[in-house]
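Have a look at this one.
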Amino acid sequence: MTMRSLIGLCLAASAFAEDLTFTRDIATIVAAKCGGCHRPKDIAPFALDGYEAVFDWKDDIRRVISEGIMPPWKPVPGHGDFRESYGLTSEEKRKIITWIEAGAPKGDPANLPELPQREAGEWSLGEPDLTLTMAEPYEPPRGRDMYRCFVMPTDFAENKYISAVDILPGDRRYVHHVILYLDATGEAEQLDAKEPGPGYTCFGGPGTSISAADALGGNALSLGGWAPGTRAIRLPDGVGMQLPPRARVVMQVHYYARGGTAEDVTKVGLYFSKTQVERRLLFVPVVPLDSRGRVAMTIPAGAARHTITTEFLVPPLFESKVVNVFPHMHLLGKEIKAEVVSLNGSTSPLIYIDNWDFNWQGPYTYNEAVQLRPLQRVRLSCTYDNSSGNPRNPSNPVREVRWGEGTEDEMCLVFLGVTFDRESLRN
Ligand code: HEC
């Protein structure tokens, strides 16, 4: 008997001894770690919503789990402790694979625990409290990047607080990202009126007078965004994104339609906070800056491994907590890492992704918010492969790549969703 078959026998024996069944051991894992996407009308191409479905897909499931393709949870364990992680622990992985290799038995139906009920539907958190959408469909131009802003008015007389935002791109083939800005002044409507067709062109930002400095000044500017793979997730109780009275939500959509195009209607679902909100969530971007404080970076043509590092110095009076992080790069990105560096040089991790995939991006929300103190630094490093050996390199021949909005440009960016310790909205 060879060593391998001996090991095989032992594995089979332990599976037998363990006697894993779907109802008792597997159903809960699949519901928690796969069911969020693998449900009717959601982004996965088939549902994994019961024994029969899982049994039918078992060979593919074994393959994608072994290869780490599914579930598409990106953060490396040990670098940030995140809520609603759909990453498999090594024990869960082992259980599913052992169970499939033992023939994927169903087990006693009486052992099936109560599973979270998910409504079938396009909104993963159920019907939103308020759905916003562009006034009319928009057909993006073909073969080039288009950033288009659509103004969506709201008419609340008082501040509203939002606990979750879900964004449904009308056509996932063309919609590259969506960012929601807020405009309380009406500027965006004027910009819209000046340009024919739905919305207006808006590279960079919404074209209104808001700036990143406003975010540091504590103004509510954004309701977050969507990129391929983003899943809606509720903020912790007590934290909300502020929607000022009668604010316009300005939805910036980045279209990139390579082949043909079609009309797009992208929708935004807002979920209001159900508990008293004490602190607002504000987004602080960490980006590489040049000596004059402008956003800049350069990746040499052909470099197979090029790292850009930048630091954000936490300003005085900025005692704050990082509630979530949203890392972002484009197609050349390989690794992205953010950490907090203290005055004595010690570091604590915010997030680390070591196999970046443009198709799986989103905010990651901490189980426990991470404290930031003045004079600490948030260090961000991004690593790129700009060689011709990178199958994802959109440029052929390879070229020097700089910071930019275009799909063929790059970014090294993390949005920190923070609350300020001094703020208290409770009267
Ligand atoms: C965040 C959403 C999401 C989660 C969570 C998720 N999937 Fe998927 N899955 C997808 C999408 C989307 C696809 C379609 C392929 C693609 O676009 O990458 C897919 C495809 C698959 C495929 C077919 C892949 C192939 O190569 O044929 C299998 C099998 C699969 N998923 C199994 C699982 C299992 C098992 C889990 C849980 C352990 C899981 N998925 C969790 C979104 C998800």
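Answer yes if at least one residue in the range 390-398 is open to solvent by 40 Å² or more (accessible area, probe 1.4 Å), β-branched (Val, Ile, Thr) and out of contact with any helix residue (DSSP H, G or I) (no Cβ under 8 Å at 6 or more places or on another chain), and no otherwise. Walk me through it before giving the result.
If we filter the range 390-398 for residues that are open to solvent by 40 Å² or more (accessible area, probe 1.4 Å), which is where we start, we get 391-392, 396-398.
Subset that is β-branched (Val, Ile, Thr): 398.
Within this subset, residues satisfying the condition of being out of contact with any helix residue (DSSP H, G or I) (no Cβ under 8 Å at 6 or more places or on another chain) are 398.
Scanning the range 390-398 turns up at least one residue that is open to solvent by 40 Å² or more (accessible area, probe 1.4 Å), β-branched (Val, Ile, Thr) and out of contact with any helix residue (DSSP H, G or I) (no Cβ under 8 Å at 6 or more places or on another chain).
Given the criteria open to solvent by less than 10 Å² (accessible area, probe 1.4 Å) and closer than 19 Å to residue 379 by Cβ, does residue 340 qualify? Don't jump to the end; show me each part of the working.
Working: open to solvent by less than 10 Å² (accessible area, probe 1.4 Å): yes; closer than 19 Å to residue 379 by Cβ: yes.
When the stated conditions are applied, residue 340 passes them.
What number of residues in the range 83-92 are modelled with pLDDT of 95 or more and either open to solvent by 70 Å² or more (accessible area, probe 1.4 Å) or more than 13 Å from the ligand (Cβ to nearest atom) (or both)?
Residues flagged as modelled with pLDDT of 95 or more and either open to solvent by 70 Å² or more (accessible area, probe 1.4 Å) or more than 13 Å from the ligand (Cβ to nearest atom) (or both) within the range 83-92 amount to 1.
In the range 1-36, which residue that is open to solvent by 80 Å² or more (accessible area, probe 1.4 Å) and within 22 Å of residue 109 (Cβ to Cβ) is modelled with the highest pLDDT?
Top of the filtered list is 24.
How about the range 250-285: which of its residues are among the small types (Gly, Ala, Ser) and either open to solvent by 10 Å² or more (accessible area, probe 1.4 Å) or not assigned by TED's automatic domain parsing to the domain that holds residue 172 (or both)?
First, the residues of the range 250-285 that are among the small types (Gly, Ala, Ser): 257, 259-260, 262, 269, 273.
Once the filter is applied, which keeps residues that are among the small types (Gly, Ala, Ser) and either open to solvent by 10 Å² or more (accessible area, probe 1.4 Å) or not assigned by TED's automatic domain parsing to the domain that holds residue 172 (or both), the range 250-285 yields 259, 260, 262, 273.
Looking for whichever is more than 10 Å from the ligand (Cβ to nearest atom), over 30 Å from residue 368 (Cβ atoms) and at pLDDT below 95 here; the options are 40, 45, 105. Which one fits? Can you show your working first?
On the way: 45 fails: more than 10 Å from the ligand (Cβ to nearest atom); 105 fails: at pLDDT below 95.
Testing whether each residue is more than 10 Å from the ligand (Cβ to nearest atom), over 30 Å from residue 368 (Cβ atoms) and at pLDDT below 95 leaves just 40.
Within the bounds of the range 111-131, is there any residue that is part of a helix (DSSP H, G or I) and open to solvent by 50 Å² or more (accessible area, probe 1.4 Å)? Show your work before the answer.
If we filter the range 111-131 for residues that are part of a helix (DSSP H, G or I), which is where we start, we get 111.
From what's left, open to solvent by 50 Å² or more (accessible area, probe 1.4 Å): 111.
Yes; the residues of the range 111-131 include at least one that is part of a helix (DSSP H, G or I) and open to solvent by 50 Å² or more (accessible area, probe 1.4 Å).
Same structure, new question: Please determine, by comparing only the residues of the range 48-58 that are near the ligand (Cβ under 10 Å from one of its atoms) and outside any helix (DSSP H, G or I), which one is nearest to residue 232 (Cα to Cα).
Among them, the one singled out is 48.
Separate question: Which one is farthest from the ligand (Cβ to nearest atom) among residues in the range 59-82 that are of a type in the set (D, E, K, R) and over 17 Å from residue 26 (Cα atoms)? Reasoning before the result, please.
Step one: of the range 59-82, the residues of a type in the set (D, E, K, R) are 59-60, 62-63, 67, 74, 81.
Remaining after also requiring over 17 Å from residue 26 (Cα atoms): 67, 74, 81.
Values: 67: 9, 74: 10, 81: 18 Å.
Within the range 59-82, the match that is farthest from the ligand (Cβ to nearest atom) is 81.
Follow-up. Return yes or no: is residue 351 away from the ligand (no atom under 16 Å from the Cβ), within 17 Å of residue 87 (Cβ to Cβ) and modelled with pLDDT of 95 or more?
Values: away from the ligand (no atom under 16 Å from the Cβ): yes; within 17 Å of residue 87 (Cβ to Cβ): yes; modelled with pLDDT of 95 or more: yes.
Answer is yes for this residue.
The values are calculated or read from the model by the stated rules, or taken from the named source; none is laboratory data. Owing to the predicted nature of the structure, the values given are computational and were not obtained by experimental measurement. FYI the Cβ positions are ideal-geometry reconstructions off the backbone, even for glycines, and counts take in every protein chain you see. We work out accessible area using only protein heavy atoms, side chains counted, and drop any ligands, DNA or RNA first. Shrake-Rupley method; radii C 1.70, N 1.55, O 1.52, S 1.80 Å.
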